[in-house]
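Take a look at the structure below.
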Amino acid sequence: MTGVEPLVALGIGTQTASVISAITTVVPAIMSVGSAFASMGAERQSNKYELQALVNQTNAEIASEKYNQNIERVNAANEERQLRREQYLRAGKQIAAAGAQGRGISGNVFDIMADTAYQTELAITGIRDSRQLSAGLSESKIASARSSLGYTSAAKATANQATILGKIPKISSSLSTLGEDVQSAYTTLKSSF
């Protein structure tokens, strides 16, 4: 029994049964090709969403790093101002103490004040150096995050290409089958008419 005979047994004409049989031969191959293309599209879309999530995460990390960098800069500036203020107050106390003892700002008093000012400036220089090192580390982290994002983007693009290349044999096979089925259906229809 061929594909036409059950349909003819149901009272469908031979030519109509031949057309229906030919169509049912071709449809699975068409669906197979469509399925392969749909699968590729879904995988590309999934990779696109994953990449966007990674971009968003990296941007959040960069924003957080820049925020922390700004906080450190403000804290360092405040600490520097506080040290300068304390130095100013210490110098005032030293001058008052020297005046209370009846000595002027000369000799030992002047040396002590100069040494105190020098120590304060060293502390301020340390704060600035620490802030610059921290800023350099932050910039390095930001550059690393951006670089990592670039590598990940390239890896996702390569994965998409591999997915497409992996689907080509299936699509090619489905198209070949479709061609054979269409040829078979054409021959069947041609012989029916």
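The values are calculated or read from the model by the stated rules, or taken from the named source; none is laboratory data. If you're wondering where the values come from, they're calculated on a predicted model, not measured in any experiment. Cβ: placed from backbone, ideal geometry, glycine included. Neighbour counts: every protein chain shown. The protein model used for the area step is the full one, side chains on, heavy atoms only, and it has no ligands, DNA or RNA in it. Shrake-Rupley method; radii C 1.70, N 1.55, O 1.52, S 1.80 Å.
Select from the range 72-119 the residues that are of a type in the set (K, R) and over 23 Å from R131 (Cβ atoms) and write down the one among them that is nearest to the chain's Cα centre (by Cα).
Step one: filter the range 72-119 for residues of a type in the set (K, R), giving 73, 81, 84-85, 90, 93, 103.
Then keep just the ones that are over 23 Å from R131 (Cβ atoms); that gives 90, 93, 103.
Numbers: R90: 53, K93: 57, R103: 69 Å.
Across the range 72-119, the extreme among qualifying residues is R90.
When the range 58-77 is examined, which residues are found to be closer than 21 Å to E121 by Cβ, without any contact (Cβ under 8 Å) to a residue 60 or more places away in the chain and open to solvent by 70 Å² or more (accessible area, probe 1.4 Å)?
Of everything in the range 58-77, just one residue is closer than 21 Å to E121 by Cβ, without any contact (Cβ under 8 Å) to a residue 60 or more places away in the chain and open to solvent by 70 Å² or more (accessible area, probe 1.4 Å), namely N75.
Of the residues V55, V26, V33, which is in contact (Cβ under 8 Å) with a residue 40 or more places away in the chain, of a type in the set (V, I, T) and within 30 Å of Q132 (Cα to Cα)? Quick ask: steps written out before the conclusion?
Numbers: V26 fails: within 30 Å of Q132 (Cα to Cα); V33 fails: within 30 Å of Q132 (Cα to Cα).
Every option except V55 fails the conditions.
Does the range 43-52 contain at least one residue that is of a type in the set (A, V, I, L, M, F, W, C), open to solvent by less than 60 Å² (accessible area, probe 1.4 Å) and either part of a helix (DSSP H, G or I) or touching a residue at least 40 places away in the same chain (Cβ under 8 Å) (or both)?
Yes: the range 43-52 contains one or more residues that are of a type in the set (A, V, I, L, M, F, W, C), open to solvent by less than 60 Å² (accessible area, probe 1.4 Å) and either part of a helix (DSSP H, G or I) or touching a residue at least 40 places away in the same chain (Cβ under 8 Å) (or both).
Go through the range 89-129 and give me each residue that's open to solvent by 70 Å² or more (accessible area, probe 1.4 Å) and under 15 Å from E72 (Cα atoms).
Those that are open to solvent by 70 Å² or more (accessible area, probe 1.4 Å) and under 15 Å from E72 (Cα atoms): R128, D129.
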